[in-house]
There are 2 protein chains.
Amino acid sequence: MPSEFELIRRHFTRLTPQALLGPGDDCALLVPTAATVLAVTTDMLVEGTHFLPDTDPCALGWKVLAVNLSDLAAMGARPRWVLLAGSLPAGDESWIAQFAAGLFACADRYAVDVVGGDTTRGPRNLCLTAIGELPSTTALRRDRALPGDDLWLSGQTGLAALGLAHLQGRIQLGEALRDPCVAALQRPLPRVELGIRLRDLAHAAIDVSDGLLADLAHVVEQSRVAAEVFLARLPPLPVGVERLLARHCQLAGGDDYELLFTAAADRRHDLAALAGELELPLWRCGRIVAAPVGEIRVVDEGGQVVEFGDRGFDHFA
Amino acid sequence: MPSEFELIRRHFTRLTPQALLGPGDDCALLVPTAATVLAVTTDMLVEGTHFLPDTDPCALGWKVLAVNLSDLAAMGARPRWVLLAGSLPAGDESWIAQFAAGLFACADRYAVDVVGGDTTRGPRNLCLTAIGELPSTTALRRDRALPGDDLWLSGQTGLAALGLAHLQGRIQLGEALRDPCVAALQRPLPRVELGIRLRDLAHAAIDVSDGLLADLAHVVEQSRVAAEVFLARLPPLPVGVERLLARHCQLAGGDDYELLFTAAADRRHDLAALAGELELPLWRCGRIVAAPVGEIRVVDEGGQVVEFGDRGFDHFA
């Protein structure tokens, strides 16, 4: 087994044009853009909790970065630098090489530099910290939703949960649905460009990592408002899956990394134009109301309120 | 077991006066000081690899922050913000409460804000990312040692390794030595103020985490120079331990978090004054020479070169 230093040199050392000093010293040195604010976030992925032991390491390398970039996107920040710490079992060099390939594929796609990290031995665990920048007054905070706002969702939620259920053998997806669902789970596309473009359009935003209703709950609680979700305005459910299961995954499945955001009603035209420009569907799927604070009402196609007990995924629940 | 969100709220939510936005959103928001450079570092501590399962959680909370602040100190950066990600077994709330007490004791001591994090379930693993600031041209890099520089060491190295050996039952320390050695291991004091004051005095610096010779090797390799270490000028060995073991721990023991740095010979007076002001011994224990590049010669009290095979601790060796 090569040494820790040699492993890092072989697989994680790339040029870091956005850093004053990259990996190899006690710290990386970064020059922030004048008059910007930093957005910082960290996420830890644990084998057995967040990914299966046989997960493709290349997909995992992509995902550990993508989920952090999604948090930056949800603030409207442009990603710039990341640090990666990893604990790995012995004898893992081929795994490391594939993991690094996936990580750097995502880093290249979103133009971020991997500026530092830490490698150690232990149960497989990957922790990534991402740093982005944004103009000072434009952050998309969770606590800025206003009564009267429209509620919007990008893309589609629920596919990742279906993909996970398929990989775990709990359901059997047909050929047409299998690939997009597994891809949604393993190679999520963080909505970085959308987040940046929403700085001047949206009031509040969050990325859907725990499930649509669970993440919406954070927005309404922190904004001290309530929300209505209209099933008829959500993205069409995928064909070839039992309808109730598909709906449950759409509302309560985790790991989607779409953006859920609120915007004033006079922004509908701008948002429709943005959807066209980014070639990314934006669904006006609900609205923010004043009360009762913290409540989410899900309204079906007939205008009836429906009950959903399980709002999403809590790692300790 | 309370939920992930409740655990974070109870134990990790403090005021964050240095952040524009602290924990609770997708990202923390930070305003960097104008015209400074950011120094960033991340370190992961794994149960079984970096700490024993029965380690006092309060001491561990201190240490996971302290080791990262030590990396900032080694660059000359002033610490400002940290993010903590942790994977923990179930049913751990009392452990978490003690860990948080230790973490915030260190955060208070060094005036840093814990601005964000992630909590999940799994084998115990703690990953901390620290962000500091420094004026742009003053970073203490590893690759800046110059032939003719003096080599300096702060404090004392080797005590942490002795403390570990004692806790593991490999040696039996007397009462007088046990407490300082276990404290050196469990509650290291990162040399933050020293690092800041060295910005204008030192050329190169590194913190001693892997062992004095192992870390000096990084400096000489990256600076393309060689070094001589004079045993007679190192801190006196502790009394009450077999001399060869004490010397081995001093030169090759890990986990010390002292600063090892180089400075021009005309800075000796300034550094002696600084040692007095900080009440921290600074030992002029060697010198940088031009060649052979990468070599470290350890010279004993009689002027003879001595051999040390084991330079320090490599997590994968």
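Residues that are under 27 Å from B:Gln186 (Cα atoms), at pLDDT 95 or above and not charged (D, E, K, R) do occur in the stretch B:285-303.
Of the residues making up the stretch B:58-80, those that are among the aliphatic types (A, V, I, L, M) and either at the interface with chain A (Cβ under 7 Å from one of its Cβ atoms) or over 13 Å from the mean Cα position of the chain (by Cα) (or both) number 6. The residue that is nearest to A:His11 (Cα to Cα), among those in the stretch A:81-126 that are of a type in the set (Ser, Thr, Tyr) and at the interface with chain B (Cβ under 8 Å from one of its Cβ atoms), is A:Thr119. Among the residues of this structure, A:Phe12 counts as one that is among the hydrophobic types (A, V, I, L, M, F, W, C), over 28 Å from B:Pro23 (Cα atoms) and open to solvent by less than 60 Å² (accessible area, probe 1.4 Å).
Among the residues of the stretch B:239-252, is any open to solvent by less than 20 Å² (accessible area, probe 1.4 Å), among the small types (Gly, Ala, Ser) and touching an Asp or Glu at 6+ places or on another chain (Cβ under 6 Å)? Yes: one or more hits. Checking each residue of the stretch A:11-26 against the condition of being assigned to a helix (DSSP H, G or I) and not assigned by TED's automatic domain parsing to the domain that holds A:Leu259 gives at least one match. Would you say A:Leu69 is farther than 18 Å from A:Ile196 by Cα and not acidic (Asp, Glu)? It is false that A:Leu69 is farther than 18 Å from A:Ile196 by Cα and not acidic (Asp, Glu). For B:Ala139, the conditions (1) touching a His at 6+ places or on another chain (Cβ under 9 Å); (2) facing another protein chain (nearest Cβ under 10 Å); (3) in a loop (DSSP other than H, G, I, E, B) are fulfilled apart from (1). The condition (being buried (at least 22 other Cβ atoms within 10 Å of the Cβ), more than 11 Å from chain B (Cβ to nearest Cβ) and hydroxyl-bearing (Ser, Thr, Tyr)) is satisfied by just one residue among A:Thr157, A:Thr129: A:Thr157. Is it true that some residue in the stretch B:137-150 is free of Cβ contacts under 8 Å to residues at least 24 places away in the same chain, out of contact with any Pro (no Cβ under 6 Å at 6 or more places or on another chain) and either under 16 Å from B:Ser223 (Cα atoms) or open to solvent by 30 Å² or more (accessible area, probe 1.4 Å) (or both)? Yes: the stretch B:137-150 contains one or more residues that are free of Cβ contacts under 8 Å to residues at least 24 places away in the same chain, out of contact with any Pro (no Cβ under 6 Å at 6 or more places or on another chain) and either under 16 Å from B:Ser223 (Cα atoms) or open to solvent by 30 Å² or more (accessible area, probe 1.4 Å) (or both).
Going through the stretch A:20-31 one residue at a time, which ones are surrounded by 19 or more Cβ atoms within 10 Å (Cβ to Cβ) and either over 12 Å from B:Ala139 (Cβ atoms) or in contact with a helix residue (DSSP H, G or I) (Cβ under 6 Å, 6 or more places away or on another chain) (or both)? Hits for the stretch A:20-31 are A:Gly22, A:Pro23, A:Asp25, A:Asp26, A:Cys27. Which numbered condition trips up A:Ser3, out of (1) of a type in the set (Gly, Ala, Ser); (2) within 7 Å of another protein chain (Cβ to nearest Cβ); (3) crowded, with 18+ Cβ neighbours inside 10 Å? It fails just one condition, (3). Select from the stretch B:169-190 the residues that are touching a residue at least 60 places away in the same chain (Cβ under 8 Å) and open to solvent by 50 Å² or more (accessible area, probe 1.4 Å) and write down the one among them that is nearest to B:Ala265 (Cα to Cα). Residue satisfying both the conditions and the ranking: B:Leu189.
Anything in the stretch B:196-231 that is open to solvent by 30 Å² or more (accessible area, probe 1.4 Å), outside any loop (DSSP other than H, G, I, E, B) and more than 14 Å from A:Asp26 (Cβ to Cβ)? List them, or say none. Correct list: B:Arg197, B:Glu221, B:Phe230.
Of the residues in the stretch A:249-261, at least one is closer than 20 Å to A:Thr138 by Cα and not in a strand (DSSP E or B). Annotation: of all residues in the stretch A:34-89 being at pLDDT 95 or above and assigned to a loop (DSSP other than H, G, I, E, B), the one that is surrounded by the most Cβ atoms within 10 Å (Cβ to Cβ) is A:Ala77. Taking the conditions (1) modelled with pLDDT under 95; (2) under 16 Å from the mean Cα position of the chain (by Cα) in turn, A:Leu260 satisfies each one other than (1). Looking across A:Gly163, A:Gly169, one residue alone is under 20 Å from the mean Cα position of the chain (by Cα) and either assigned to a helix (DSSP H, G or I) or not assigned by TED's automatic domain parsing to the domain that holds A:Arg10 (or both). It is A:Gly163. Flag: B:Ala111 does not match the condition of being small (Gly, Ala, Ser), crowded, with 24+ Cβ neighbours inside 10 Å and modelled with pLDDT of 95 or more. Within the stretch A:6-57, the set of residues being more than 7 Å from chain B (Cβ to nearest Cβ) and charged (D, E, K, R) comprises A:Glu6, A:Arg9, A:Arg10, A:Arg14, A:Glu47, A:Asp54, A:Asp56.
The values are calculated or read from the model by the stated rules, or taken from the named source; none is laboratory data. On a predicted model such as this, the values are computed, not experimentally measured, just so you know. Cβ coordinates were reconstructed from backbone atoms using ideal geometry, including for glycine residues, and neighbour counts include every protein chain displayed. The accessibility values were calculated without ligands, DNA or RNA, using every heavy atom of the protein model including side chains. Shrake-Rupley method; radii C 1.70, N 1.55, O 1.52, S 1.80 Å.
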